[in-house]
Amino acid sequence: MADATDTALVEAKFPVGTPVCVRQVTRMRSEDFASEVVGVVESWEDKPTGSWHAAGKDHKLWLRRLKLRKADGECSLIVVDDETYIAKLEATG
């Protein structure tokens, strides 16, 4: 699996059309919550949040987003952060 710390490197490793499995862990006080999404990379994009407290460019917090197309046609938009792990899957015929 790839650590998503360097998003430019991650985008190069998983270009559009690549089948992937994305796993994220949300840390909570008493336990962790893990989620997993499998799909094909449709796009990578940086988009701002509407956060009023962000100290980034244009007073927005810019987040790296990955758009996946799942097997059933549904799209998932995932914010890629330091807790995101991405694995390349074998293409299915």
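Every read-out reported here was derived from the displayed coordinates using simple, explicitly stated rules and does not represent laboratory data. Here the structure is a predicted model, which is why all the values come from computation and not from measurement. Ideal geometry is used to build each Cβ from the backbone, glycine not excepted, and the neighbour counts take in all protein chains shown.
Brief remarks follow.
- Ranking of ILE86, ILE78 by count of other Cβ atoms within 10 Å, fewest first: ILE78, ILE86
- Spin-label model, ARG27 to LEU61: label points 7 Å out along the Cα-to-beta-carbon direction sit 1.5 nm apart.
- Between GLU45 and GLU74, the contour length at 0.36 nm per residue exceeds the alpha carbon distance by 8.6 nm.
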